1. Can you name the condition, by its number, that A114 falls short on among (1) at pLDDT below 95; (2) farther than 23 Å from A200 by Cβ?
2. If we only count strands (runs of 3 or more DSSP E) wholly inside the stretch 95-141, which ones have 2 or more residues that are in contact with a strand residue (DSSP E or B) (Cβ under 8 Å, 6 or more places away or on another chain) and open to solvent by 30 Å² or more (accessible area, probe 1.4 Å)?
3. Can you run down the residue pairs with Cβ atoms below 8 Å, 6 or more apart or on separate chains, where the first is in the stretch 226-254 and farther than 17 Å from P306 by Cβ and the partner is in a loop (DSSP other than H, G, I, E, B) and basic (K, R)?
4. Among A275, A308, A283, which is the only one that is open to solvent by less than 40 Å² (accessible area, probe 1.4 Å), more than 23 Å from D166 (Cα to Cα), assigned to a strand (DSSP E or B) and out of contact with any Pro (no Cβ under 7 Å at 6 or more places or on another chain)?
5. Here are some residues: G145, G158. Which one is within 25 Å of G431 (Cα to Cα), assigned to a loop (DSSP other than H, G, I, E, B) and modelled with pLDDT of 95 or more?
6. If I filter the stretch 142-195 down to residues being basic (K, R) and open to solvent by 10 Å² or more (accessible area, probe 1.4 Å), which single residue comes out as farthest from G128 (Cα to Cα)?
7. Identify the residue in the stretch 393-405 that is open to solvent by 30 Å² or more (accessible area, probe 1.4 Å) and in a strand (DSSP E or B) and, among all such residues, is modelled with the highest pLDDT.
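The values are calculated or read from the model by the stated rules, or taken from the named source; none is laboratory data. This is a predicted model, so every value here is computed, not measured. Cβ placement follows ideal geometry from the backbone for every residue including glycine, while neighbour counts extend to all protein chains displayed. Just the protein is used for accessible areas: all its heavy atoms, side chains included, with ligands, DNA and RNA removed. Shrake-Rupley method; radii C 1.70, N 1.55, O 1.52, S 1.80 Å.
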Amino acid sequence: MAALSGTAARLAVTWAMIAVEGCAWRPLPLDSVTSAVDLGVHDLAPVAHGPGDVGDLEEPQREGSDLASPLFDDLAPVVPLDFADGVDGSSDTDPFFRAIPPLPAGNQTYSVAAADLNRDERIDLVVGNSVDPGAILVFLGHGDGTFDEPVHYAAGVGADNLRLADFDGDGNTDVVAASDGKDCQIMLGRADGSFGSAVAFPCGPEPYGIAVADFDSDGRPDLAVANYVVPGTVSLLLGRGDGTFGAPIEFAAGNGPLVLVSADVDGDQHADAMAANYNSTTASVMLGNGHGALGPPLTFACGQSPGAIAVGDVDGDGKPDLIVGNSVGDVSTLLGHGDGSFVVDATFHNKGGFVNALALADVDGNDTLDLLVADIGLNEVHLLLGNGDGSFQAVRDYPVPAPASGLDPADVIATDLNRDGRPDAVVANGGGSVTVLLNVH
């Protein structure tokens, strides 16, 4: 695939290292970062939910991860991201984002994903409600940053960690969700943007984070599911191409893996899985062999109780790096060597919030990745502009507007809602709303 420009180049949202081209899924090289418009599927990492009593695990708050990335020799120094001394944003004169009125979105809104569901070349939103009984809400987009009233679909026991892809090969976007540590469920999409009934299936002992990639090289999307147990595991469920999956196969992971992303981090053209391990101070890398198996976890230090992770080339060396969000409000950068290993910085700075989700996109249009942070502790979305060398500028703060339904920014994604070639930010708020920040830069 040739290098992309314009909208696709700016929408370098990191998520799963795969593209859908007809029925073929394959790892993307760095010069082929694709947007929702190009794929018809824009799947952003969701928010994993605290598991409650699971053995001797500490119960986390809501966590998120946004993710994923392109395929990614020279290392820039690892620079910790300091959230202190931020700049207030989201005013009428702010150079980056303009907030529009929040969208009411049910109850316990902890996950959001985006795609063109009804093939009208406009981005739509899919939102998960983590309640019992759960619900998935679909907002069809007008192409200007506004949406129809949501359509509600029943979704079993909660709907967390939404992922979008064409799982049955019919050209329509389907949705998969984890159900609050119990099972997974799939809803097959139709060409008009509607969905069929949810079908539950087992996907691991305590499923939370989900990543989608072709782990067995058969051209069909598979699932990787983080199981929040000790010792932690990741389940692979190989897709059959008809909307069903094989039985989960468990592989060792870190201690309490909560969220996942997928990318080719060792350059072998096979999808790998990376997890944030909430019950530790580490992130794990499980290298895929391209035949439906993951290698033993490679563990890298980060901050305290990490629950958000994103992958992208933040230092411009053509190799994937990891950004890890930690529960004490700081963010760690892990710069990649391109062989599956990472350089880790051991010093982290803190603003005092709770990092719940991350997204990478070129917000300011300078061909480097910038960072969006959903901070559930401070009820803010943070923007850190990337310098292209692995470091970031001072944080800009965007307080989440307070609708009657509440706050708690739990998930954040980046996508072009109004077709101007610039990535906008969409935030799922646990209090029951969706915040839209339109890019005005």
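1. Single failed check for A114: (1).
2. Working: elements: 97-104, 109-115, 124-129, 135-139.
Strands (runs of 3 or more DSSP E) meeting the threshold: 97-104.
3. L238/R220; G239/R220; R240/R220; G241/R220; G246/R240
4. Numbers: A275 fails: out of contact with any Pro (no Cβ under 7 Å at 6 or more places or on another chain); A283 fails: out of contact with any Pro (no Cβ under 7 Å at 6 or more places or on another chain).
The unique qualifying residue is A308.
5. Details: G158 fails: modelled with pLDDT of 95 or more.
Sole residue among the options that is within 25 Å of G431 (Cα to Cα), assigned to a loop (DSSP other than H, G, I, E, B) and modelled with pLDDT of 95 or more: G145.
6. Filtering the stretch 142-195 for residues basic (K, R) gives 163, 182, 190.
Still in the running and open to solvent by 10 Å² or more (accessible area, probe 1.4 Å): 182, 190.
On the way: K182: 15, R190: 18 Å.
So the residue we want is R190.
7. Only one residue fits best here, namely R396.
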